[in-house]
1. Only residues that are without any contact (Cβ under 8 Å) to a residue 40 or more places away in the chain and out of contact with any strand residue (DSSP E or B) (no Cβ under 9 Å at 6 or more places or on another chain): list them for segment 276-295, please.
2. Identify all residues within segment 245-277 that are within 13 Å of ligand 2 (Cβ to nearest atom) and within 15 Å of the chain's Cα centre (by Cα); write none if there are none.
3. Kindly evaluate residue 293 against the criterion of being farther than 30 Å from residue 134 by Cα, assigned by TED's automatic domain parsing to the domain that holds residue 240, assigned to a helix (DSSP H, G or I) and within 16 Å of ligand 2 (Cβ to nearest atom).
4. Of 37, 26, which residue is touching a residue at least 40 places away in the same chain (Cβ under 8 Å) and either away from ligand 1 (no atom under 16 Å from the Cβ) or under 25 Å from residue 92 (Cα atoms) (or both)?
5. Out of (1) more than 16 Å from ligand 2 (Cβ to nearest atom); (2) at pLDDT below 95; (3) surrounded by 18 or more Cβ atoms within 10 Å (Cβ to Cβ), the odd one out for residue 229 is which?
6. Hey, residue 111 hits all of (1) assigned by TED's automatic domain parsing to the domain that holds residue 278; (2) part of a strand (DSSP E or B) but one; which does it fall short on?
7. Tally time: how many residues in segment 70-89 are part of a loop (DSSP other than H, G, I, E, B), under 24 Å from residue 37 (Cα atoms) and within 16 Å of ligand 1 (Cβ to nearest atom)?
8. Given (1) in contact (Cβ under 8 Å) with a residue 60 or more places away in the chain; (2) touching a strand residue (DSSP E or B) at 6+ places or on another chain (Cβ under 7 Å); (3) away from ligand 2 (no atom under 14 Å from the Cβ); (4) assigned to a strand (DSSP E or B), where does residue 214 come up short, assuming only one miss?
Ligand code: FES
Ligand SMILES: [Fe+2]
């Protein structure tokens, strides 16, 4: 499991003064916005009798355990024990783990691992995340993390996996053999290529009639993939953030962003894109789930064949495995 990384939880605007319970790398965490505005992440465990704090409630900046009412502040320190006289000292060990939280580009990220190292690492910087209109949703399911990470930028799956959602807008790749212009970067890989513009007549009026549209892909190590379709002056951008929830499940948050699309009525755009994104993700999830079942059964003798058209996926894997190895 990838420790010492920043994990994306939600847009800053969606973090309220209420408890969100999370699981990241097998660790149970509560996250909330304190009344003073601070985003607070604590372990989801009361140190009195080891019950989940997420079953309790918030009182201003503090979280109150639902069992005997012990109260913890934003630092995870117990500040009130109702069964004690008010002037009795609170045991110094009555402290729970606090996680480092960062609000970056208007999104909330939690650092999981050795807290000391949080200052040496940054979440991937994607400025569009704080500039463009968007919709997003987290999906948790059984899948292999590496396979899920490579799926968004896999150029040939769109026509088949997404035949009922975006195939028409992002037509097949006509060029043969396709040139993916892969670059290996310091913090990931990127490249671009062209897809046929197979939009219908009315879509073409809006998105342009050029026979080809440019697709830009990017992987930001360690946990964000990006796919961007550029039509004239309009852009559709899909980001996928992924993380290991526990041994078998991963979380995939798909963020769909756009520029110069739906300018006429933003709430319609968000509603429309949220439905589209759900459909797209469900198409991927069905395949990724089935793949996990097969991979688990055949761990020791994996029969997998690749061809030249898989070079983006292969470049991703090579890069990803090298980086993981360097961290060991
Ligand atoms: S278990 Fe939390 S207050 Fe007792
Ligand atoms: Fe997909």
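1. Listed by number, the residues that qualify are 286, 290, 294.
2. Residues of segment 245-277 within 13 Å of ligand 2 (Cβ to nearest atom): 252, 254, 256, 276-277.
252, 254, 256, 277 - these are the residues of segment 245-277 that are within 13 Å of ligand 2 (Cβ to nearest atom) and within 15 Å of the chain's Cα centre (by Cα).
3. Values: farther than 30 Å from residue 134 by Cα: yes; assigned by TED's automatic domain parsing to the domain that holds residue 240: yes; assigned to a helix (DSSP H, G or I): yes; within 16 Å of ligand 2 (Cβ to nearest atom): no.
So residue 293 fails the test.
4. Details: 37 fails: touching a residue at least 40 places away in the same chain (Cβ under 8 Å).
One residue alone meets the criteria, 26.
5. Checking residue 229 against (1) more than 16 Å from ligand 2 (Cβ to nearest atom); (2) at pLDDT below 95; (3) surrounded by 18 or more Cβ atoms within 10 Å (Cβ to Cβ), the one that fails is (1).
6. (1)
7. If we filter segment 70-89 for residues that are part of a loop (DSSP other than H, G, I, E, B), which is where we start, we get 70, 73-76, 81-89.
Next cut, under 24 Å from residue 37 (Cα atoms) only: 70, 73-76.
Narrowing the set further to residues that are within 16 Å of ligand 1 (Cβ to nearest atom) leaves 70, 73, 76.
Of the residues in segment 70-89, 3 are part of a loop (DSSP other than H, G, I, E, B), under 24 Å from residue 37 (Cα atoms) and within 16 Å of ligand 1 (Cβ to nearest atom).
8. Tallying (1) in contact (Cβ under 8 Å) with a residue 60 or more places away in the chain; (2) touching a strand residue (DSSP E or B) at 6+ places or on another chain (Cβ under 7 Å); (3) away from ligand 2 (no atom under 14 Å from the Cβ); (4) assigned to a strand (DSSP E or B), residue 214 fails exactly one: (1).
The values are calculated or read from the model by the stated rules, or taken from the named source; none is laboratory data. Everything quoted here is computed from the prediction, not taken from an experiment. Note that we place each Cβ from the backbone using ideal geometry, even for glycine, and neighbour counts take in every protein chain shown.
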